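In what follows, a single structure is set out as structure tokens and then discussed.
The values are calculated or read from the model by the stated rules, or taken from the named source; none is laboratory data. The structure displayed is predicted, hence computed values, not measured ones. Cβ atoms come from the backbone with ideal geometry, glycine included; neighbour counts cover every protein chain shown.
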């Protein structure tokens, strides 16, 4: 596959990755300097970025974010229930100038029992005209179908189902709500084919969860992995589809 790196080079400058992290994950720490270096090597256009930590510390996060070049790195706000308790408007986090609100109901399972707090977060997104990203998968309380009611209740807000798990539920939500997209971070090729075969390929956002795959597969070279991932997607789904996922949808939503 490395012989096709010219294909990667031809599209790299237009690529936007909607799902990237920094910080501590398990035994590994991914620093701002490392993130900058990797994406300088990759040469892609924009990166939607957020902390990895299940217990995000905003004061630390904003210091970290400030080290990332703002033209390439687009900040997301990872929302915890305590943040809503302290200020349901989330105004105290405006300094971050975030472009997406993230709820991770697998990392913080109590979200499952807090629908009104989720609605508060969505209302903030509505007022700011930005999307809400939901982590999907891992347990019943964070599966895609759990968010269907919110997507239907707030048709003016765009939603991103990170990972799209399980795929059958994701298809149900995508079919029933035109304001919903799915990112393909850690999504297998067969699931992506199902989305495309269902006629919903225009609702995919390109995302990777970079760089935490290094924590699962320490032997990989992250730069090679990233390039090969994109080459595989273009080989299977075509450059036009990939351009919609990795550029047009990102710039439309984020």
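Residue 70 falls short on exactly one of the conditions (1) loosely packed, with under 15 Cβ neighbours inside 10 Å; (2) farther than 15 Å from residue 254 by Cβ, and that condition is (2).
Only one entry of 37, 4 meets the criterion of being surrounded by fewer than 18 Cβ atoms within 10 Å (Cβ to Cβ) and touching a helix residue (DSSP H, G or I) at 6+ places or on another chain (Cβ under 8 Å), and that entry is 4. Looking at the range 102-115, which of its residues are touching a strand residue (DSSP E or B) at 6+ places or on another chain (Cβ under 9 Å) and farther than 19 Å from residue 60 by Cβ? Within the range 102-115, 103, 105, 106, 111 meet the criteria.
Take the range 218-237 and flag every residue that is without any contact (Cβ under 8 Å) to a residue 60 or more places away in the chain, surrounded by fewer than 13 Cβ atoms within 10 Å (Cβ to Cβ) and either assigned to a helix (DSSP H, G or I) or out of contact with any strand residue (DSSP E or B) (no Cβ under 9 Å at 6 or more places or on another chain) (or both). Reasoning before the result, please.
The initial filter retains those residues of the range 218-237 that are without any contact (Cβ under 8 Å) to a residue 60 or more places away in the chain, namely 218-221, 225, 229, 233, 236-237.
Restricting the remaining residues to those that are surrounded by fewer than 13 Cβ atoms within 10 Å (Cβ to Cβ) gives 218-219, 221.
Matches in the range 218-237: 219, 221.
Exactly one residue out of 227, 203 is over 18 Å from residue 133 (Cα atoms) and modelled with pLDDT of 95 or more: that is 227. Of all residues in the range 172-182, those being surrounded by fewer than 19 Cβ atoms within 10 Å (Cβ to Cβ) and part of a helix (DSSP H, G or I) number 3.
Within the range 147-165, how many residues turn out to be surrounded by fewer than 15 Cβ atoms within 10 Å (Cβ to Cβ), in contact with a helix residue (DSSP H, G or I) (Cβ under 9 Å, 6 or more places away or on another chain) and not in a helix (DSSP H, G or I)? Spell out how you get there, then give the answer.
Initially, the range 147-165 is screened for residues surrounded by fewer than 15 Cβ atoms within 10 Å (Cβ to Cβ), giving 149, 152-153, 155-156.
From what's left, in contact with a helix residue (DSSP H, G or I) (Cβ under 9 Å, 6 or more places away or on another chain): 149, 152-153, 156.
In the following step, the residues that additionally are not in a helix (DSSP H, G or I) were identified as 156.
So the count comes out to 1.
Where residues in the range 94-104 are on the phi < 0 side of the Ramachandran plot and surrounded by fewer than 20 Cβ atoms within 10 Å (Cβ to Cβ), which of them is nearest to the chain's Cα centre (by Cα)?
Initially, the range 94-104 is screened for residues on the phi < 0 side of the Ramachandran plot, giving 94-96, 98-104.
Adding the requirement that they be surrounded by fewer than 20 Cβ atoms within 10 Å (Cβ to Cβ) leaves 94-96, 99.
Values: 94: 20, 95: 21, 96: 17, 99: 12 Å.
Here the residue is 99.
So residue 168 fits all but one of (1) touching a residue at least 24 places away in the same chain (Cβ under 8 Å); (2) part of a helix (DSSP H, G or I); (3) over 20 Å from residue 48 (Cα atoms); what number is the exception? The failed condition is (1).
As a summary of the residue check, residue 215 satisfies the conditions (1) crowded, with 19+ Cβ neighbours inside 10 Å; (2) at pLDDT below 95 except for the one numbered (1). Scanning the range 187-208 for residues that are outside any helix (DSSP H, G or I), surrounded by fewer than 20 Cβ atoms within 10 Å (Cβ to Cβ) and touching a strand residue (DSSP E or B) at 6+ places or on another chain (Cβ under 9 Å) gives a single hit, 200. Scoring residue 107 on the criteria (1) at pLDDT below 95; (2) surrounded by 16 or more Cβ atoms within 10 Å (Cβ to Cβ); (3) farther than 20 Å from residue 85 by Cβ leaves a single failure, condition (3). Looking at (1) touching a helix residue (DSSP H, G or I) at 6+ places or on another chain (Cβ under 6 Å); (2) buried (at least 21 other Cβ atoms within 10 Å of the Cβ); (3) within 23 Å of residue 75 (Cβ to Cβ), find the lone condition where residue 247 falls short. Result: residue 247 fails condition (2) only.
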